[in-house]
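J.: Handing you this structure, nothing more for now.
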Amino acid sequence: MDTDRPADTTAPLPAEPEGFSADGAAVLRRLDDAGRYELDLDGRTVAHATFLRLGDDVIMIPHTEVDLSRRGQGIGALLVAAVLDDLRRRGERVVPRCWYVAQYLDEHPEHLDLVANI
């Protein structure tokens, strides 16, 4: 995964899953020009979510991916939670086309108000 692109914005992360340090090693970056969120842990991009803008305040997330070496560690959930928190902070809504994002929303109804009715 490419880690050399400059970040458009960064966002605070939600509570980290078990096994992650709370020393600020996790960073979420939103790259608007690339239509991508990236999650870095210890200076390395380990997960990303692609997005497409559908309107001023609506994005569609068609794909998320976690580095093969980091799967099964809760990183996908950390990524999606951080993305949804960032969308809430920005006043944006989401159309979840990625199966994982849709499943996460089913399991976390506190974020369902972010789903756009399109």
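J.: Tell me which residues, restricted to region 18-39, are modelled with pLDDT under 75 and surrounded by 10 or more Cβ atoms within 10 Å (Cβ to Cβ).
T.: Those that are modelled with pLDDT under 75 and surrounded by 10 or more Cβ atoms within 10 Å (Cβ to Cβ): Phe20, Ser21, Ala25.
J.: Tell me, please, whether a residue that is outside any strand (DSSP E or B), of a type in the set (D, E, K, R) and touching a Gly at 6+ places or on another chain (Cβ under 7 Å) can be found in region 33-43.
T.: Looking through region 33-43, none of the residues is outside any strand (DSSP E or B), of a type in the set (D, E, K, R) and touching a Gly at 6+ places or on another chain (Cβ under 7 Å).
J.: Would you mind stating whether Leu54 is in a strand (DSSP E or B), of a type outside the set (D, E, K, R) and modelled with pLDDT of 95 or more?
T.: yes
J.: Look at region 96-116 and say how many of its residues are crowded, with 18+ Cβ neighbours inside 10 Å and outside any helix (DSSP H, G or I).
T.: Total meeting the criteria: 2.
J.: If I ask for residues that are under 28 Å from Ala25 (Cβ atoms) and out of contact with any helix residue (DSSP H, G or I) (no Cβ under 9 Å at 6 or more places or on another chain), which ones from region 80-98 would you list?
T.: Ala82, Asp86, Arg89, Arg90
Here is a yes/no grid of residues against (1) over 24 Å from Ala25 (Cβ atoms); (2) touching a Gly at 6+ places or on another chain (Cβ under 9 Å); (3) not charged (D, E, K, R):
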| position | (1), (2), (3) |
| --- | --- |
| Gly55 | yes, no, yes |
| Asp67 | no, no, no |
| Gly72 | no, no, yes |
| Ala102 | yes, no, yes |
| Leu105 | yes, no, yes |
| Ala116 | yes, yes, yes |
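J.: Still on this structure: Any idea which residue in region 47-88 is surrounded by the most Cβ atoms within 10 Å (Cβ to Cβ), counting only those that are closer than 24 Å to Asp33 by Cβ and charged (D, E, K, R)?
T.: My answer is Asp86.
The values are calculated or read from the model by the stated rules, or taken from the named source; none is laboratory data. What you see is a predicted model; the values in this text were computed from it and never measured. Ideal geometry is used to build each Cβ from the backbone, glycine not excepted, and the neighbour counts take in all protein chains shown.
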